[in-house]
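Novice: Submitted below is the structure of interest, expressed as structure tokens.
The values are calculated or read from the model by the stated rules, or taken from the named source; none is laboratory data. From a predicted model like this one, the values you see are computed outputs, not experimental measurements. Ideal geometry is used to build each Cβ from the backbone, glycine not excepted, and the neighbour counts take in all protein chains shown. Side chains are part of the model used for accessible areas, which takes the heavy atoms of the whole protein and leaves out ligands, DNA and RNA. Shrake-Rupley method; radii C 1.70, N 1.55, O 1.52, S 1.80 Å.
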Amino acid sequence: MNVKEHFKESSVKRVVAGRIPRGTDLITGIKQICKENDIKHGYVPMCIGSLIDARIIYAIPDENAPIGFVYCSPVEIKGPLELLYVQGLIGLEDTGEQSVHMHILLSDKDMRVFGGHLIEGGNTVAATAEIIIHELDEAEFIRQYDEQTGFRLFKI
């Protein structure tokens, strides 16, 4: 494997700090912040707050999959939920549309912790979602189909 083709040196061009307000879906809010600030490539080092509900997917075994797992159907988790942590990448689909790949940790009223991939729709902010976004200079993330894994992955 040639690791060199999978990375590029970059630096943080700028930092955008803010909050996603009550009633907004997390992914929709992140995309809106990126649109309003013309951020095409970057990452979210942290986001904390609370959710009314959550909708996530996570890896499950599948011996027929190219790498031995697939992602489950969306799982809905009813709140109130503590948004413990969100992090991920911001890039573009190979069609040019904004794309985000976010992972989440959250806890419910019984302090059970859940984690997985955020999917758009169904992750509604309760009080707030305070977020930091780092825009990258030089590196670009373009999501496209990866034959080796069978998933749409960001290519650098």
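Novice: Just need a number here: residues in segment 23-69 that are more than 25 Å from Ser10 (Cα to Cα), among the aliphatic types (A, V, I, L, M) and touching a residue at least 60 places away in the same chain (Cβ under 8 Å).
Specialist: Matching residues across segment 23-69 total 9.
Residues checked against (1) at pLDDT below 90; (2) open to solvent by less than 20 Å² (accessible area, probe 1.4 Å):
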| site | (1), (2) |
| --- | --- |
| Glu120 | no, no |
| Thr124 | no, no |
| Ala129 | no, yes |
| Ile133 | no, yes |
| Ile156 | yes, no |
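Novice: Report every pair of residues separated by at least 6 positions or lying on different chains whose Cβ atoms are under 8 Å apart, first residue within segment 100-116 and polar (S, T, N, Q), second part of a strand (DSSP E or B).
Specialist: Going by the 8 Å Cβ cut-off, the qualifying pairs are Ser107/Leu81; Ser107/Glu82; Ser107/Leu84; Ser107/Val113; Ser107/Phe114.
Novice: Does Phe7 meet the test of being aromatic (Phe, Trp, Tyr), open to solvent by less than 80 Å² (accessible area, probe 1.4 Å) and out of contact with any helix residue (DSSP H, G or I) (no Cβ under 9 Å at 6 or more places or on another chain)?
Specialist: On the way: aromatic (Phe, Trp, Tyr): yes; open to solvent by less than 80 Å² (accessible area, probe 1.4 Å): no; out of contact with any helix residue (DSSP H, G or I) (no Cβ under 9 Å at 6 or more places or on another chain): yes.
No, not satisfied.
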